[in-house]
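Asks: One structure, pasted below without further comment.
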Amino acid sequence: MKWIPLTTESQLQEIIDLSKNTPQVIFKHSTRCSISSMALNRMEQADQPANIDFYYLDLIQYRPISQQIAEIFSVYHESPQVLLIKEGNCTYSETHMGISMDELIEQVNLV
């Protein structure tokens, strides 16, 4: 899995801009949570589609970025959480054991 580290709030605008051509995924991970570690492990074991960019956010280290994500994309903060950004909007969000690569791919392919 090739993660792009999400470490600055300015990257959120880049994600929005890039999402107009390429789907963007943000994975919010708590390094202190075993469920989050299991979800991360499942994501990393799956085949990564070439047509999606994947961002990794360490919630413990970058909590303010998570708060910005909640505000910008109108989602309730959860951990772990995956968000699919297409055309500048969060079109799909899932948490905990509901996180799966197959579901993300299905959501990307929805018209």
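The values are calculated or read from the model by the stated rules, or taken from the named source; none is laboratory data. Model, not experiment: these values are computed from the prediction. Cβ atoms come from the backbone with ideal geometry, glycine included; neighbour counts cover every protein chain shown.
Asks: Taking the stated definitions as given, is THR31 more than 11 Å from the chain's Cα centre (by Cα) and modelled with pLDDT of 95 or more? Break it down into steps so the answer makes sense when it comes.
Replies: On the way: more than 11 Å from the chain's Cα centre (by Cα): yes; modelled with pLDDT of 95 or more: no.
For THR31, the condition - more than 11 Å from the chain's Cα centre (by Cα) and modelled with pLDDT of 95 or more - is not met.
Asks: Can you list the helices (runs of 4 or more DSSP H) found entirely within the chain that contain at least 1 residues being touching a residue at least 24 places away in the same chain (Cβ under 8 Å) and of a type in the set (S, T, N, Q)? Spell out the reasoning first.
Replies: Values: elements: 10-18, 34-45, 63-73, 101-109.
Qualifying helices (runs of 4 or more DSSP H): 10-18, 34-45, 63-73.
Asks: Applying the selection to region 43-57, what residues are more than 11 Å from PHE27 (Cβ to Cβ) and not polar (S, T, N, Q)? Give the derivation first.
Replies: Of region 43-57, the ones more than 11 Å from PHE27 (Cβ to Cβ) are 45-53.
ALA46, ASP47, PRO49, ALA50, ILE52, ASP53, listed by residue number.
Asks: Quick check on this structure: which one of TYR76, TYR55 is surrounded by 18 or more Cβ atoms within 10 Å (Cβ to Cβ) and under 14 Å from the mean Cα position of the chain (by Cα)?
Replies: TYR55
Asks: Further question: Could you grab me the full set of residues in region 58-68 that are among the aliphatic types (A, V, I, L, M), touching a Lys or Arg at 6+ places or on another chain (Cβ under 7 Å) and buried (at least 18 other Cβ atoms within 10 Å of the Cβ)?
Replies: Initial filter on region 58-68 (among the aliphatic types (A, V, I, L, M)): 59-60, 65.
Filter once more, keeping what is touching a Lys or Arg at 6+ places or on another chain (Cβ under 7 Å): 59-60.
If the condition is that a residue be among the aliphatic types (A, V, I, L, M), touching a Lys or Arg at 6+ places or on another chain (Cβ under 7 Å) and buried (at least 18 other Cβ atoms within 10 Å of the Cβ), then LEU59 is the only one that fits.
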